[in-house]
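First comes the structure, then the notes that go with it.
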Amino acid sequence: MFLKDICSVPYQSSQIVEVFRTGPGVIPSKVPKSTENVILVLNGREPSKIDFAKLWLDFLPTLTNLKNVAVILLGNEQCNNEWIKSYMQLRGGPVKFVFLVYDSPDIDDQNFYQWPLGVATYRDFPKVDSAHLPVETHRKYLCNFLGTIYPNSSRETLIETLKSSQHGKQCYYRVRHEWSPKETEDSRDDYLRSLAQSDLTLSPVGVNTECYRIYEALSYGSLPVVEDVMTSGNCGHSVSSKNIPLRLLKESKAPFIYVKHWSELPALLEKEAAMSQVQKANRRRHFIQWYEDFKSKMRDVLVRTLQEKFFFIIK
């Protein structure tokens, strides 16, 4: 859990100064009583995390100078986020707006905004300097997949397709059959090397279509091949009566490769194998720049929303 505490914020010339606090020492009682504006970064993925998030939200009324509250929420993977609504200002609570992870139907760009999932920092994924990625360098593998295989899932189909494909042997894949929230140093390093040495990163759906792997692949200049199907649950925005996954990324024109079924993979790998190194380098340069622009755009959206909702600054 993170706390972003904006105390005594000067906003001349539309500037906002943020004091960012994180770590186990950040507990409600440590919040300065003079605090006027707060952004809480909370985890609402499962019941135990929600209970902890509620401790913070229930503490807010004790801050007598508090004027504005916003939340960035790691939402439930099936978009079951009803609990946060009782804390919203529109229902008499303190929270003015929420930036919510995953394709929730609650996204209205008024009370709920969408936030990208990003990389798994809780598993010590490093900060990668894209400016120093070797864009021109030949990569050892056509593609990679390292992950958990669930029974009767499309991931089983993916692995079988790789094994039987002519170009599958040019890909690096390693699987496990039980998910673990923590990585060993060796398994993490193996994963990072696979991203750095692959042209493509295969991203099958899990509980949700959006996953850390998409952003981690982009960080290392490996193009995501995303299984573009809707998962079960309450996520998705209705377009012509069909729920569409990855709305935020698609509206931002993410230059991914989308597949509906992993049976499309052999033809995709054949096409990939025929590409020249110059073509791959140009493509890599393009999507690395797109990712940097996307992160800048999301930062701008957050700051602009703070300016408008907290300080009534409208540009």
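Can you give me the accessible area per residue for region 176-310, using a 1.4 Å probe, in Å²?
47 Å²
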Expressed as a whole-number percentage, the relative contact order of the chain with C-alpha contacts under 8 angstrom and at least six residues apart is 15 percent
For Cα extents along the principal axes in Å, with candidates [x] 69, 51, 44; [y] 57, 50, 39; [z] 66, 44, 41, the value calculated from the shown model is option [z]
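Using a cut-off of 13 Å between beta-carbons, work out the net charge of the residues near residue 219 (Lys and Arg +1, Asp and Glu -1, residue 219 not included). Walk me through the intermediate numbers first.
Values: positive: 127, 213, 284, 295; negative: 129, 216, 292.
Overall, the nearby charge balance is +1.
For region 204-269, give the percent of accessible area contributed by carbon and sulfur heavy atoms, probe 1.4 Å, rounded to a whole number.
Ligands and nucleic acids excluded, carbon and sulfur reach 54 percent.
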Most positive-pole-ward Cα, 265, 275, 314, against dipole of region 246-315 from beta carbon charges = 314
If only Cα atoms are counted, what is the Rg of region 37-136, and what is its Dmax, in Å?
-> 15.8, 56
Would you give the gap between the C-alpha center of region 96-116 and the C-alpha center of region 41-92, rounded to a whole Å?
-> 13 Å
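Would you mind checking 49/280; 54/253; 169/297; 169/260; 49/253; 127/163 for any pair whose Cα atoms are more than 31 angstrom apart? Before the final figure, lay out each step's value.
Values: 49/280 42 Å; 54/253 35 Å; 169/297 38 Å; 169/260 22 Å; 49/253 33 Å; 127/163 33 Å.
Cα-Cα > 31 Å for 49/280; 54/253; 169/297; 49/253; 127/163; rest within.
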Along the dipole axis of region 25-183 (charges at Cβ: +1 for Lys and Arg, -1 for Asp and Glu; origin at the Cα centre), the most positive-end residue among 173, 162, 119 is 173
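Looking only at the chain, where both bridge partners belong to it, what percent of the DSSP beta bridges are antiparallel (to the nearest 5)? Numbers along the way, then the final one.
Working: 12 of 44 bridges.
The antiparallel fraction comes to roughly 25 percent.
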Accessible carbon and sulfur surface of region 38-82 relative to its total accessible area, %, 1.4 Å | 52 percent
Based on the mean of other Cβ atoms within 10 Å per residue, sort peptides 186-196, 172-182, 212-222 so the most packed one is first.
-> 212-222, 186-196, 172-182
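Which of the GluC sites (Glu not before Pro) found in region 69-165 are loop residues per DSSP with 12 or fewer other Cβ atoms within 10 Å of their Cβ? Don't skip to the answer; put the middle values down first.
Working: sites: 77, 82, 136, 156, 160; in loops: 77, 136.
In loop regions of region 69-165 (DSSP not H, G, I, E or B), the sparsely surrounded GluC sites (Glu not before Pro) are 136.
At 4 °C and 1.567 mPa s, grab the translational diffusion coefficient of region 188-298 from Stokes-Einstein with a Kirkwood Rh over Cα pairs, rounded to a whole number in µm² per second.
Working: Rh = 15.0 Å.
Reported coefficient: 86 µm²/s.
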The size of the Cβ-based charge dipole (Lys, Arg +1; Asp, Glu -1) of region 237-315 about the Cα centre, to the nearest 20 debye, is 180 debye
Hey, got the dipole for region 126-257? About the Cα centre, +1 on K and R Cβ, -1 on D and E Cβ, debye to the nearest 20?
-> 200 debye
Two decimals is fine: what is log10 I(q)/I(0) at q = 0.13, 0.14 Å⁻¹ for region 112-177, from a Debye sum with one equal scatterer on every Cα and no solvent?
-> -0.61, -0.69
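The values are calculated or read from the model by the stated rules, or taken from the named source; none is laboratory data. Just so we're clear, the structure is a prediction, and the values are computed from it rather than from any experiment. Every residue, glycine as well, gets a Cβ built from its backbone with ideal geometry; the counts of neighbours run over all protein chains shown. The accessibility values were calculated without ligands, DNA or RNA, using every heavy atom of the protein model including side chains. Shrake-Rupley method; radii C 1.70, N 1.55, O 1.52, S 1.80 Å.
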